[in-house]
Amino acid sequence: MITDITLGQYIPGNSILHRLDPRTKILLTFAFIAVVFITENIIGYVLIGFLLALLIKMSGIPFKFILKSLKPIYFFVIFTALLNLFMTGGKYIVSFGIFHISREGIILAATMALRLIFLVAGTSLLTYTTSPIVLTDGIEALLKPLEKIKFPAHELAMMMTIALRFIPTIIEETDKIMKAQSARGADFDTGGLIKKAKAMIPLLIPLFISSFRRADELALAMECRGYHGGEGRTKLKELRFKKLDLTAFLVFTLLAALCIFVGKFNLFYI
Amino acid sequence: MDIKTENLSHIYMPGSPISHVALDNINLEIKNGSFVGLIGHTGSGKSTLIQHFNGLLKPTSGKVLLGGKDINESRETLKQLRFKVGLVFQYPEYQLFDETVEADIAYGPKNMELTEAEIKERVFEAINYVSLDEALLKKSPFELSGGQRRRAAIAGILALRPEVLILDEPTAGLDPKGRDDILSNISRLQKERGITVILVSHSMEDVAKVCESVIVMNKGTVAMQGSVRDVFRESETLKKLQLNVPQITQLVLKLRREGYNLPDDIYTTDKAFEEFLKLIKKSPNQKGSVG
Ligand SMILES: Nc1ncnc2c1ncn2[C@@H]1O[C@H](COP(=O)(O)OP(=O)(O)OP(=O)(O)O)[C@@H](O)[C@H]1O
Ligand SMILES: [Mg+2]
C-alpha cells in the first residue's frame, strides 16, 4: 500500500542522534557523504559500515526497519553491481560465454553497491531522527549567511517546511481517494499504459482540487495569524549548539579521518 | 448476505516502530437484511473495520466471510466483491471528479460494463433515492453545494445496487434537514430492497432512529453488541466508552429520577412524544410540568 512508504519519514525518539542540533546533523551528513565518496577500497568500506551500524544502534531505530526502508533502491543497487561486475576489464578469473568476471570487477561491484547503500542509509538516518520542522529550521540557519547576497533563505525554508509537512497528508489523501474509487470498481493495476493512464483521472482530479483548496486555506490561515515573510520573525525554539554537538563533531572528525586514511591509502595492498 | 468476521485483526505498518493495532481479534456476525449501527469514539477502528468488508484492507490475521465464503480466498475478483458491498467513505464528496454529476454517478456502473440504457436507469434510480434534483445531473459536480455533492457521491455507490451498503458517517457536517433526508432515504432503500446496511455514526440519535441493532467499538475491539434497546439501556457503560445515549433518553432518564412515570427504553423523540402525551392525558393537573 502507498502508505507503507517509509523512506524519509521521521521517527520520534530521544536518542543522542535525536537530541543533536539539526545543523550538526546536516553538516555531518554532508561530511559522511564526502567520506563515502573519498573512500576507495574495501577496508575503508568495512570501517564505514561499522560507523554506520554504530550510528543506527545509537539512534534506537531497529536495523530491520532500516533494511526495509532500503527496499526501493534494491533494484538499483543490484543493477549497478551487475553492470560493474560484467563490464569491468582486467584479468578475468571466471568466464562463461560472453560473460567475464575480473577481480577488479568484483571489487568495483561490491564497492558501488556498498556506496549506494551507505549513502541512502546514512542520509535517511538524518530524516529518521530529525522532525521536518526542525530540519528546515536547521537548513534555514545554515543558509542565513547567503541572505546578504539576496538569497531567499527564509522563503526557501518555509516552502520546504510546507512541502515536507504536506507529503504525509497528500499520501494519505491519495490512499483515501484511491480506495474510494476502488469501491466504485476503479482498477489502477491492470491494463495497458493508456488504460492505466485513463484510470488515473478519477484519482488525480480530486487530488489536484483538494491540493489547491488546501493551499488556499493555508495561505489564508497564515495571513490571519499575521505572517508577512521572514523579516523580523522570531523563533519559538532557538537553535543552540550544545556540548553534545561539539563532542559529535570531534568524534566524527576522528572517525572520518580514520576511514579516509584507511580507505584512500591502500595500506594492505588490496 | 451475512457478514462474519473470525478473529479479525489489523495492524497498520506492522514491523515498524510506529506500528498500530487498529483491530484486535474481532468476532462479529451481521445478518442478511439487517440495519446495523456501528458506533465508537474517534480512533476506535470503525473505518478500519468496514474497509475489510469489501477487501480494501487485508486482515493482518483472521478472516472475513461474506455469505459463508472467505473474501480473501474466493475466486471472485475484488472488483466483483466491491460491486456487491458498496462502501460510502467519510466525506465522499471529495471523490467526485467527472465533468457532470450524471457521468460521475455513472462511473461505477460503467466499471460494471453495463449497457447505456441500464446505466441511465440506475443513475435515475440512485438520484431518486438520495432526493437529488434531476436538473442538477447536467451540472459540474463542483458547482453543487456541499450537501448536494454529498448526495451525488452517495448516489454513485447506490447506482452499483449493492447487496450490502456501508456508510461511514454519511451525515457528518450536514444541516439537520439534509441529515434527516439522507437517513430516511437510506431507511426506505433498506426496506424496499431488503439489503443489509451498516451505518457508522457519531450521532446516537441517528442510530436510534434508523438502526435495529448496534455494534459498539472501543480501542479496536467490540465492546458491546445487541439491539438498539439492549445497548442504549447501558448508559453507564456507554459513558465509560466516551459515548452516550441519545439526548432524548438522557432527558427521559432525568425525568424518571424526578419521579415521572415513563418507560426507560425511549430512544427517539417520536416515541418520547407519544409517552409524554400519555402522561399528560393520565394526569391533567400536571400538564404544565411535562414536555
Ligand atoms: N493509514 C493508517 N496508517 C496508520 N494508522 C492508521 C491508519 N488509518 C487509521 N489508523 C489508526 O488506526 C486507528 C483506527 O482508525 P479508524 O480510522 O479506523 O478509526 P475510526 O473509528 O474510524 O475513527 P473516526 O471516528 O475518527 O473516523 C486510529 O488510531 C488511527 O490513528
Ligand atoms: Mg472513521
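Condition first: open to solvent by less than 60 Å² (accessible area, probe 1.4 Å) and under 25 Å from residue A:26 (Cα atoms). Now tell me which residues in segment A:211-244 satisfy that.
A:229, A:230, A:239, A:244
Just to verify a result, which residue in segment A:156-176, among those that are open to solvent by less than 60 Å² (accessible area, probe 1.4 Å) and more than 13 Å from ligand 1 (Cβ to nearest atom), is modelled with the lowest pLDDT? Spell out the reasoning first.
Of segment A:156-176, the ones open to solvent by less than 60 Å² (accessible area, probe 1.4 Å) are A:157-158, A:161-164, A:166, A:169, A:171, A:173-175.
This time we only want the ones that are more than 13 Å from ligand 1 (Cβ to nearest atom), so: A:157-158, A:161-164, A:166.
Values: A:157: 86, A:158: 86, A:161: 81, A:162: 86, A:163: 84, A:164: 77, A:166: 85.
Among them, the one singled out is A:164.
Test residue B:96 against the criterion of being at the interface with chain A (Cβ under 8 Å from one of its Cβ atoms), within 16 Å of ligand 2 (Cβ to nearest atom) and open to solvent by less than 10 Å² (accessible area, probe 1.4 Å), and give yes or no. Explain how you work it out, then say what you get.
Values: at the interface with chain A (Cβ under 8 Å from one of its Cβ atoms): yes; within 16 Å of ligand 2 (Cβ to nearest atom): no; open to solvent by less than 10 Å² (accessible area, probe 1.4 Å): yes.
Taking the combined requirement at face value, the residue does not satisfy it.
Among the numbered criteria (1) open to solvent by less than 40 Å² (accessible area, probe 1.4 Å); (2) under 18 Å from residue B:93 (Cβ atoms), which single criterion is violated by residue B:164?
So the condition that residue B:164 fails would be (2).
Considering only segment B:165-199, how many residues are within 16 Å of ligand 1 (Cβ to nearest atom) and assigned to a strand (DSSP E or B)?
Result for segment B:165-199: 5.
Residue-wise test of (1) away from ligand 1 (no atom under 16 Å from the Cβ); (2) within 14 Å of another protein chain (Cβ to nearest Cβ); (3) within 16 Å of the chain's Cα centre (by Cα); (4) buried (at least 17 other Cβ atoms within 10 Å of the Cβ).
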{"residue": "A:22", "(1), (2), (3), (4)": "yes, no, yes, yes"}
{"residue": "A:26", "(1), (2), (3), (4)": "yes, no, yes, yes"}
{"residue": "A:37", "(1), (2), (3), (4)": "yes, no, no, no"}
{"residue": "A:68", "(1), (2), (3), (4)": "no, yes, yes, no"}
{"residue": "A:72", "(1), (2), (3), (4)": "yes, no, yes, no"}
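Scan the helices (runs of 4 or more DSSP H) fully inside segment B:26-125 and keep the ones with 2 or more residues being modelled with pLDDT under 90. Steps first, please.
Numbers: elements: B:46-53, B:78-84, B:101-105, B:107-111.
Correct list: B:78-84.
Give segment A:1-38 a look and list any residue that's modelled with pLDDT under 85 and either small (Gly, Ala, Ser) or within 19 Å of residue A:257 (Cβ to Cβ) (or both), or say none.
A:8
Working carefully through the options A:201, A:209, A:162, find the one that is of a type outside the set (D, E, K, R), away from ligand 2 (no atom under 16 Å from the Cβ) and more than 8 Å from every other protein chain (Cβ to nearest Cβ). Step through it out loud before you land on a result.
Numbers: A:201 fails: more than 8 Å from every other protein chain (Cβ to nearest Cβ); A:209 fails: more than 8 Å from every other protein chain (Cβ to nearest Cβ).
The conditions single out A:162.
Can you pull out the residues in segment B:37-82 that are away from ligand 2 (no atom under 16 Å from the Cβ), open to solvent by less than 10 Å² (accessible area, probe 1.4 Å) and touching a residue at least 40 places away in the same chain (Cβ under 8 Å)? Walk me through it before giving the result.
Within segment B:37-82, the first condition is being away from ligand 2 (no atom under 16 Å from the Cβ), and the residues that meet it are B:55, B:58-82.
Remaining after also requiring open to solvent by less than 10 Å² (accessible area, probe 1.4 Å): B:55, B:64, B:81.
Of everything in segment B:37-82, just one residue is away from ligand 2 (no atom under 16 Å from the Cβ), open to solvent by less than 10 Å² (accessible area, probe 1.4 Å) and touching a residue at least 40 places away in the same chain (Cβ under 8 Å), namely B:64.
When segment B:27-48 is examined, which residues are found to be away from every other protein chain (no Cβ under 14 Å) and within 16 Å of ligand 1 (Cβ to nearest atom)? Break it down stepwise before answering.
The first filter runs over segment B:27-48 and keeps only residues away from every other protein chain (no Cβ under 14 Å), leaving B:27-46.
Residues satisfying the conditions are B:28, B:36, B:37, B:38, B:39, B:40, B:41, B:42, B:43, B:44, B:45, B:46.
Which one of these does residue A:176 not meet: (1) within 29 Å of the chain's Cα centre (by Cα); (2) away from chain B (no Cβ under 12 Å)?
Residue A:176 satisfies all of (1) within 29 Å of the chain's Cα centre (by Cα); (2) away from chain B (no Cβ under 12 Å) except (2).
For every residue, the table says whether it meets (1) in contact with a Ser or Thr (Cβ under 6 Å, 6 or more places away or on another chain); (2) within 16 Å of ligand 2 (Cβ to nearest atom); (3) in contact (Cβ under 8 Å) with a residue 24 or more places away in the chain.
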site: B:162; (1), (2), (3): no, no, yes
site: B:165; (1), (2), (3): no, no, yes
site: B:170; (1), (2), (3): no, yes, yes
site: B:175; (1), (2), (3): no, no, yes
site: B:180; (1), (2), (3): no, no, no
site: B:183; (1), (2), (3): no, no, yes
site: B:188; (1), (2), (3): no, no, yes
site: B:191; (1), (2), (3): no, no, no
site: B:202; (1), (2), (3): no, yes, yes
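The values are calculated or read from the model by the stated rules, or taken from the named source; none is laboratory data. Owing to the predicted nature of the structure, the values given are computational and were not obtained by experimental measurement. Note that each Cβ is placed from the backbone with ideal geometry, even for glycine, and that neighbours are counted across all protein chains shown. With ligands, DNA and RNA removed, areas are computed over all heavy atoms of the protein, side chains included. Shrake-Rupley method; radii C 1.70, N 1.55, O 1.52, S 1.80 Å.
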